[in-house]
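Report on the structure given below.
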Amino acid sequence: MMLSTVGRLARAVKPSLNTYNNLRYIQHAVTRYAGHSKWQNIRHVKALNDGRKAVLFIKLARQIRLAVQAGGANPAVNNVLRAAIDEALKRNMPNATIQGILKKCTTQSVELKKYTLEIKALDQVNVICVLYTDRFAQLKMEMATILRKNFALFFDTMHAFDERGFVEAIAPADVKSDNLLSVCTDHAIETGAEDIEVMDENNRLIRFLCDPRDLDKVKKELEKLNYCVEHSEHAFFPKSTIKLNAEALEAYEKLKEKLKAMEGVEDIYDNVEVSE
């Protein structure tokens, strides 16, 4: 179908799920249940690869601000903040900019709050959008406009995802590589985590999986055991994935880029299969 035809349909008909079906954007859904593909999807949607420095710096600044909210403005005692600053420097954010963000964090009283929005795009793409903002109502209205123009709408999709918490942390120096898995498994049981994954054996980087409700508890208990927490997250994994044809994938990627560019959008999770 020509894009001009799609444009006329969008202007003539108020978007609905039936409208998306009629557009025939999407090939028949291919349902797959693959454990590691879920992590690949998470890594894919979280990658900072949009190529626009302004958008990237906004997100990095927000991560620094959230880290300060959680543990204070001193990177010497706030591991999450230190990791956020290191990432910002790695992405070529000037040190003066970082110091300005830290100074602003100590003077402003308004905190960022977390929100989760559920979206249905192109009829079959389930999306979870995580926001950190101090102007939620305005941001949601702005997002509704973008969705309407890109064949998407707010819709209940939470049932299509499994919620998991995970903490990525460096094991204590006294834990040797030959017994890393065994010791960290014992620590997982002790802290309330449900499973672990060795991400980098040489650097002793471990991912602890847990119930999202236990995320803060697991993180704090690991810190008590002298783990250096690098990252923690409440994540959403699709219960099944779909494969989009080239036209549909292009349309969805355009929508996703527009959402990622919005101030306050932190993470986007979906059920689109990532090509190897």
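Bear in mind these aren't lab numbers, they're just calculated from the coordinates by the rules spelled out. Worth saying up front: this structure is predicted, and the values here are computed from it rather than measured. Neighbour counts run over all protein chains shown; Cβ positions are idealised from the backbone, glycine included.
Observations on the model:
- The length gained on full extension between VAL110 and ASP156, counted as 0.36 nm times the residue separation minus their Cα-Cα distance, comes to 13.6 nm.
- Given charges at Cβ of Lys, Arg, Asp, Glu: segment 146-276 dipole, positive-most of LEU222, LEU153, ALA188: LEU153
- Charged side chains reduced to their Cβ positions (Lys and Arg at +1, Asp and Glu at -1) give segment 125-177 a dipole of some 280 debye around its Cα centre.
- Across segment 162-213, C-alpha contacts under 8 Å between residues 6 or more apart give a mean separation that, scaled by the residue count, equals a relative contact order of 49 percent.
- A straight Cα-to-Cα reach below 17 Å connects LYS149 with the lysines LYS14, LYS120, LYS140, LYS254, LYS256, LYS258, LYS260, residues fewer than 8 places away in its own chain not being considered.
- Convex hull volume per residue for segment 43-166, taking Cα atoms only, in Å³: 135
- Between GLN138 and ALA76, the contour length at 0.36 nm per residue exceeds the alpha carbon distance by 18.7 nm.
- Under Karplus coefficients 6.51, -1.76 and 1.60, residue-wise ³J(HN,Hα) of segment 164-175 in Hz, glycine/proline x: 9, x, 8, 10, 9, 8, 8, 5, x, 4, 7, 8
- Under the combined filter of DSSP loop state and at most 13 neighbouring Cβ atoms within 10 Å, segment 139-229 retains these GluC sites (Glu not before Pro): GLU201.
- Stokes-Einstein diffusion for segment 128-168, with the hydrodynamic radius set to the Kirkwood value over Cα pairs and evaluated at 20 °C in a medium of 1.002 mPa s, equals 172 µm²/s.
- Separation between Cα centres of segment 247-264 and segment 184-213, rounded to whole Å: 33
- Modelled this way, with points 7 Å down the Cα-to-C-beta line, the labels at VAL198 and LEU225 are 1.5 nm from one another.
- Fully extending the segment from ILE146 to ASP174, taken as 0.36 nm per residue of separation minus the present Cα-Cα distance, adds 4.9 nm.
- Calculated P(r) of segment 109-251 - Cα pairs past 22 Å, %: 54
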